[in-house]
Amino acid sequence: MPKRNSTVRRSEIIDALLRVMADRGWANATVNRIAAEANITPGLIHYHFQNKQEILVELVRRLEEEHESRIEHLARAGTPTERVKTMVMGYLKTSPARGDAEAVATWVTITAESIRQPEVRDAFGDAVMRWMEPMRQAIEDGLKTGEFDTGGLSPEACAAAVLACVQGYYNLGVTVREAVPKGSAVSCALRMVAGMLRISDFDSFVAE
């Protein structure tokens, strides 16, 4: 087997954890299974990481970085209304960071583990706050330009509501997929956001 440098090997292990978690969940993501998925020995896992929890924390950070890279241009281009719309569509037409079912399933599992594991909760909390910031900024800008009227709700509260909507769709999409009619998530989310922000051109905003 060709020798890998440490950065590449760690990245491969993180990728392996994502795939195993998406298929089997966190409890069944044993070091042996992660090693088999990465095509390495369990000893190499322990060489690069103290335990599988450390791999999970790094996976959260990886998803956060990839999400930021993907969503950055959506958060900067256009009017506040256009930015909010493209971000909502970007969140729901693609998964957290990677745009695939594995990443969504893994993110939902990470959400659950953040309740149980303080280290994961810290990394998850950092990711959530960073994900919310572009939405918060767009809403704040829209209030200044008069495009939005939140009825006194703060930009922070509105951004949290948008994220809660998106997270809810992620959770249902993984756990009870039949509960969400196909193709309805983006349309419904846009309508909820348009109502909360009291966007005047409602029909234009909700058109996909």
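All of the numbers you see were taken from the coordinates with simple rules; none came from a lab. Remember, predicted model here, so these are calculated numbers, not experimental data. Reconstructed Cβ throughout: ideal geometry from the backbone, glycine too, with neighbour counts over all protein chains shown.
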* Structure fact -> Log10 I(q)/I(0) at q = 0.13, 0.21, 0.24 Å⁻¹ for the range 1-49, from Debye over equal alpha-carbon scatterers, is -0.25, -0.64, -0.82
* Structure fact -> If Leu172, Leu197 are placed from fewest to most neighbouring beta carbons inside 10 Å, the sequence is Leu172, Leu197
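Taking every pair of alpha-carbon atoms in the range 53-147, give the share separated by more than 19 Å as a whole percent. Mind dumping the intermediate values first?
On the way: 1946 of 4465 pairs.
Above the 19 Å cut-off, the range 53-147 has 44 percent of its Cα pairs.
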* From the backbone phi of the range 201-208, what are the Karplus-calculated ³J(HN,Hα) couplings (6.51 cos²θ - 1.76 cosθ + 1.60, θ = phi - 60°) in whole Hz, Gly and Pro given as x? -> 8, 4, 4, 5, 5, 7, 6, 8
* Structure fact -> To the nearest 20 debye, the range 101-142 has a Cα-centred charge dipole, built from +1 on Lys and Arg Cβ and -1 on Asp and Glu Cβ, of 140 debye
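Taking a temperature of 25 °C and a viscosity of 0.890 mPa s, what whole-number D in µm²/s does Stokes-Einstein yield for the chain with Rh from Kirkwood over alpha carbon pairs?
On the way: Rh = 18.3 Å.
The Stokes-Einstein estimate is 134 µm²/s.
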